[in-house]
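What follows is a single structure, written as structure tokens, with notes after it.
Read the figures in this text as sums done on the coordinates, not as results from a lab. In this text, all values refer to a predicted model and were calculated from it rather than measured experimentally. Cβ atoms come from the backbone with ideal geometry, glycine included; neighbour counts cover every protein chain shown.
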Amino acid sequence: MDRSGLFRRTLVLATSGIGVSAVLGACARPRDAAVREPKQDGGAGEGGEVTPGEDLMREHGVLRRVMFLYDEAVRRLDGRDDVPGDVILSAAGVVRRVIEDYHEKLEEDFLFPRFERAGMHTDLVAVLRRQHQAGRLVTDDVLTLVRQPLREQAARRELADRLRAFNRMYRPHAAREDTVLFPALRALVGGKAYAELGEQFEDKEHRVLGEEGFEKAVAEVAELEAALGIADLASFTPT
Ligand SMILES: [Fe+2]
Ligand SMILES: [Fe+2]
């Protein structure tokens, strides 16, 4: 798809709330059937099932790839390089759909209340909750700004500031969840409830994102990386 075609389609889909991932289903690799097979022993993570922690961390992987897209957009905005607004619009759409409306809802509905009831990591959870709200406002701004022509220096600077603010907050936010909150979850709820939580996450993923929701998000992000010319991982290896 050429850029203008992608832009038109992105606008239509973003407006309808579907997102580009819906049209990328055909290129998403099917999930390994073994990955989601229910376990026989009631435990979690010992037989191939995706555990809640792994589920949440790989969603952070999608978030990190979007932040990498934002980094590249900022680099271009700070310079005089062309910035394809359609690509940034789609990237922000992934944040809204996959991170804010799905991943963060899981944290808010299934994790944070457990820690609050147990009196564990309550200060951290309070900050994480506030940052989810702040992140949604930043994404509102990005979705608005990126629809405007990015020729004027003021518009470019404003968008770059918002993208920088997003990454500045979410890198430590996700890292703190990965290293403090998620590792504490299993000990907090116990093995059986942990396994059940994994099943609840899977049900919610299907309801909110549809079948193969994670794989479609990964495929969409990969397309956006290609569109921004940052898809070649080897090119970032220091020589
Ligand atoms: Fe979070
Ligand atoms: Fe998170």
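So the values come out like this:
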item	result
Per-peptide average of other Cβ atoms within 10 Å, ordering 120-131, 103-114 highest first	103-114, 120-131
Label-point separation in nm, A175 to R157, each point 7 Å along Cα→Cβ	2.9
Peptide ranges 134-141, 55-62 listed from the most packed, as the mean C-beta count within 10 angstrom indicates	55-62, 134-141
Integer Hz, Karplus 6.51/-1.76/1.60 couplings in order for the range 230-239, x for Gly and Pro	10, 7, 7, 4, 4, 5, 9, 7, x, 9
With eigenvalues of the C-alpha gyration tensor scaled by 5 and rooted, the range 48-228, Å	32, 18, 12
GluC sites (Glu not before Pro) lying in DSSP loop within the range 197-229, provided at most 14 other Cβ fall within 10 Å	E211
Mean-position separation - Cα centroids, the range 136-158 and the range 183-204, in angstrom	39
